[in-house]
Each structure stands twice: as structure tokens, then as C-alpha cells.
């Protein structure tokens, strides 16, 4: 979502469910989401798990700071003790309370920015 948000001005808003703020080196994505912060075009919501071993909270905080410094509209929610995949109800990582809250936040975000009516 982060990369797409930086390249498509036709979006009204975006939501990332545990999308990595820093990608491994890849020739297809020469910049990480954190590096793309100045280019983000629409309001974004990031939903992350505190216990995600692949996405450290510090990386999420760095992305949040980069977006703030570039005066981008963004909100983040880090769910305490939630692992990566907390929204995937078919996995052992599923956390019902976090998943439901994240779903409600996403819907509210999209309603605020007229993606959903």
C-alpha cells in the first residue's frame, strides 16, 4: 500500500495492515515506504502489531515521524502484544479484539475520506 500511495494520485485514502515500513533491497522498489514519505499523496492509516517480529515498532515509529515531518495526513495504531497477521482469522496469529478494532478503524477511515459511504 505504501508504495502505491506514493505513485497514484487517484486514491482517496489508504490503509496498511502491517505493511513493512522498510523493504528488503529490491530493484523493483528502489525506495522503502519510509523513504517515500515525502511522496505519499493521500491520507494513510497504518495498523501494526507490537509483537510483529518482522516489523519492529521502531520502524513503524520512523515511518510515522517521516510522514509527520513531511506534513502528511497519517494515523497509526499499534496493537499491544499482537503479532504479524493479527487480522488473519485462519492463522494462529489471529487476535480477535485487535482484528475487530482494526477493521472498524479502517472502515471509519475510508468513510472519513469518502472511500466508503
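Taking the range 1-37 as the range and being surrounded by fewer than 16 Cβ atoms within 10 Å (Cβ to Cβ) and in contact with a helix residue (DSSP H, G or I) (Cβ under 7 Å, 6 or more places away or on another chain) as the test, the residues that pass are 22, 29.
The number of residues in the range 81-99 that are without any contact (Cβ under 8 Å) to a residue 60 or more places away in the chain and within 16 Å of the chain's Cα centre (by Cα) comes to 5.
Checking each residue in the range 108-117 for being under 14 Å from the mean Cα position of the chain (by Cα) and over 12 Å from residue 47 (Cβ atoms) picks out only 110. Looking across the range 80-98, the residues that are buried (at least 19 other Cβ atoms within 10 Å of the Cβ) and farther than 12 Å from residue 53 by Cβ come down to 86, 87, 95, 98.
Each reported figure results from applying straightforward, stated rules to the coordinates on display, with no laboratory input. This structure is a prediction, so every number in the text was calculated from the model and none was measured. Reconstructed Cβ throughout: ideal geometry from the backbone, glycine too, with neighbour counts over all protein chains shown.
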